[in-house]
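Let me begin by presenting the structure, written as structure tokens, before commenting on it.
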Amino acid sequence: MATKLFPDASAAFSDLRERGVLRDGMTVMVGGFGLCGIPEHLILALRDSGVKQLTCISNNAGVDDFGLGLLLRTRQIAKMISSYVGENATFEKQYLAGELEIEFNPQGTLAERIRAGGAGIPAFYTATGAGTVVAEGKESRSFFRPGDDTRFQNRHLAAARLGGGPPASQGPSAVAREYILETGLFADLALIKAHMADAFGNLVYRKTARNFNPMMATAASFVIAEADQVLGVGEMDPEAVHTPGNYIDRIVRTTCEKRIEQRTVSKP
Amino acid sequence: MPLTRDQITQRAARELQDGFIVNLGIGMPTLVANHVPAGMDVWLQSENGLLGMGPFPSEDAVDAELINAGKQTITARPGASFFSSSDSFAMIRGGHIDLCILGAMQVSQDADLANWMVPGKMVKGMGGAMDLVAGVKRVIVTMEHTAKGGVPKFVRQCSLPLTGRRCVHMLITELAVFEFIEARGRFELREIAPDVTIEELRKQTEAEFLVAPDLATVSL
């Protein structure tokens with residue numbers, strides 16, 4: 001098997017254009033929550049690749065001079081799919097000028113769309129956003145909340161539609177509620193930040209830097225991870241692996257700045 | 001006398017129970033953590049992937065990879081666990097969180113909540129708010145009773161885009177405490193701030209509400 005290890009981020013990107021992985025208009029997932037757990041060096045390599053008209057799926061958009069904010073500055077991003085983009089003036093300017101498209105997803109819906117995409121699930125129903133602008137243009141259906149219907153497990157809804165089956169629920173407290181249909185997300189490329197990787201690509205994340213990284217690692221055609229430490233195959237405890245190595249195409253060991261957005265400390 | 005911000009959060013903290021799993025929104029709700037009664041074990045969930053959030057770290061314990069949903073550096077208490085965003089929202093959406101306390105721009109008389117966007121202003125996104133109000137067992141809103149210029153925030157119908165429909169269980173402001181009565185489709189005034197009359201409260205409220213027969217003064 002060809003090695004997945006590359007000496008640095010630019011080396012991991014060097015042949016991606018000729019391999020057809022990088023192309024204008026592609027969709028890229030980028031891990032992280034705020035600036036925590038973002039693939040700092042892979043974002044720089046993506047910027048330096050010059051690829052344009054990107055759709056970026058990432059919970060946030062970085063800040064002006066760090067993270068995805070760097071790709072906004074160079075106007076390489078045409079569309080963001082995010083849950084919150086509050087901390088970025090460049091973003092605001094381009095959005096208000098109509099140069100940037102944004103699709104807001106509720107954070108849990110975004111996470112689940114990515115998880116579903118990676119798991120081969122094209123769509124799922126969620127109560128999140130029902131009755132709000134998020135539901136506009138989406139199919140909706142009534143279900144009992146799973147915990148309210150342990151006897152029929154919502155099977156009777158289908159039966160009732162066919163004209164049979166009792167429309168009864170488990171208990172008097174069960175009330176059918178509205179759920180909306182959300183689709184799975186899958187990208188051409190995912191950029192992941194891990195704490196440890198082994199040479200096969202098994203990954204371990206650290207603390208809250210895990211966030212969106214594990215799902216994104218499963219939901220793209222090509223996946224590159226950067227890690228603080230790289231181990232040999234066999235050196236990682238299989239019980240500890242968060243992302244199995246088969247999902248990962250390339251690995252780079254990097255030393256990240258790990259910038260803090262809000263440094264809050266206890267009073268001594 | 002209206003409650004102070006700190007007193008609002010103190011009142012909200014009275015809704016906590018031993019062993020509760022709680023998600024606190026950004027801003028005023030965060031202060032509820034300061035009022036957990038001594039001896040009560042409450043587990044704070046942070047939707048970016050932590051159950052068992054502790055206080056802010058000491059200067060030498062600051063860790064860029066340990067933050068809360070407000071992107072502040074924090075600590076993890078003994079017994080804490082880390083998980084992915086999809087696991088975190090499975091916990092939220094699946095009804096495994098007992099209580100969430102969050103702020104609001106508007107709450108309607110039939111328990112709709114608006115707290116994420118103001119038309120005409122730059123939209124920053126809803127973050128995890130829509131998932132929380134749709135999934136958590138009990139949703140408490142803490143907010144100032146009126147907006148700038150005395151404009152009511154407890155209204156007949158939200159004019160701002162909704163975060164969730166019929167999702168607020170309790171509303172706590174500096175003037176009063178309301179509980180939503182599902183069967184009647186209205187909030188009931190349960191407690192009123194010291195020296196505030198129902199007439200004064202009504203003047204600052206657009207929503208219709210019921211008054212509990214055993215209406216009490218807010219006790220902290």
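Observations on the structure shown:
- Furthest towards positive pole of dipole, A:Thr264, A:Ile180, A:Phe13, structure part chain A, Cβ charges: A:Ile180
- Per-residue mean of foreign Cβ neighbours for A:76-88 is 3 (Cβ atoms of other chains, 10 Å radius).
- Mean residue ellipticity, 222 nm, helices only, the protein assembly as shown: the sum of -39500 (n - 2.57) across DSSP H runs of n ≥ 4, divided by residue count and rounded to 500, is -4500 deg cm²/dmol.
- Neighbouring Cβ atoms from other chains, within 10 Å of the Cβ of residues in B:45-57, number 4 on average.
- Helix A:40-49 axis versus longest C-alpha principal axis of chain A: approximately 80°, rounded to the nearest ten.
- Taking only the alpha carbons of segment A:20-133, we obtain Rg and Dmax values of 14.2, 42 Å in that order.
- Using only side-chain charges placed at the Cβ, +1 for Lys and Arg and -1 for Asp and Glu, the dipole size of chain B relative to its Cα centre rounds to 640 debye.
- Between the helical axis of A:107-118 and the longest alpha-carbon principal axis of chain A there is an angle of about 80 degrees.
- Apportionment of accessible area to carbon and sulfur, segment A:74-138, percent (1.4 Å): 49 percent
- If both residues of a DSSP beta bridge must be in segment B:5-214, then about 55% of such bridges are antiparallel.
- Centre separation in Å (Cα based) which lies between segment B:1-58 and segment B:156-220: 21 Å
- Estimated buried accessible area (total), pair B and A, 1.4 Å, Å² to nearest 100: 4100 Å²
- Using a probe radius of 1.4 angstrom, the carbon and sulfur fraction of the accessible surface of chain B is 52%.
- If you take the alpha carbon atoms of chain B and fit the smallest convex hull around them, that volume is 139 Å³ per residue.
- In a reduced charge model with +1 at each Lys and Arg Cβ and -1 at each Asp and Glu Cβ, the protein assembly as shown shows a dipole moment near 800 debye about its Cα centre.
- Here's the picture: charge each Lys and Arg Cβ at +1 and each Asp and Glu Cβ at -1 in chain A, and of A:Leu110, A:Val134, A:Gly31 the one pushed furthest to the positive end of that dipole is A:Val134.
- Working note: Cα atoms of chain A, range along each principal axis, descending, whole Å: 63, 55, 51.
- Above-threshold pairs, the threshold being 32 Å between Cα atoms, out of A:Lys52/B:Lys121; B:Lys71/B:Lys121; A:Lys207/B:Lys124; A:Lys267/B:Lys153: A:Lys267/B:Lys153
The values are calculated or read from the model by the stated rules, or taken from the named source; none is laboratory data. No experiment lies behind these values; they were computed from the predicted model shown. No Cβ is skipped: glycine too gets one built from the backbone with ideal geometry, and neighbour counts run over all protein chains shown. Note: areas computed on protein heavy atoms with side chains; ligands, DNA, RNA excluded. Shrake-Rupley method; radii C 1.70, N 1.55, O 1.52, S 1.80 Å.
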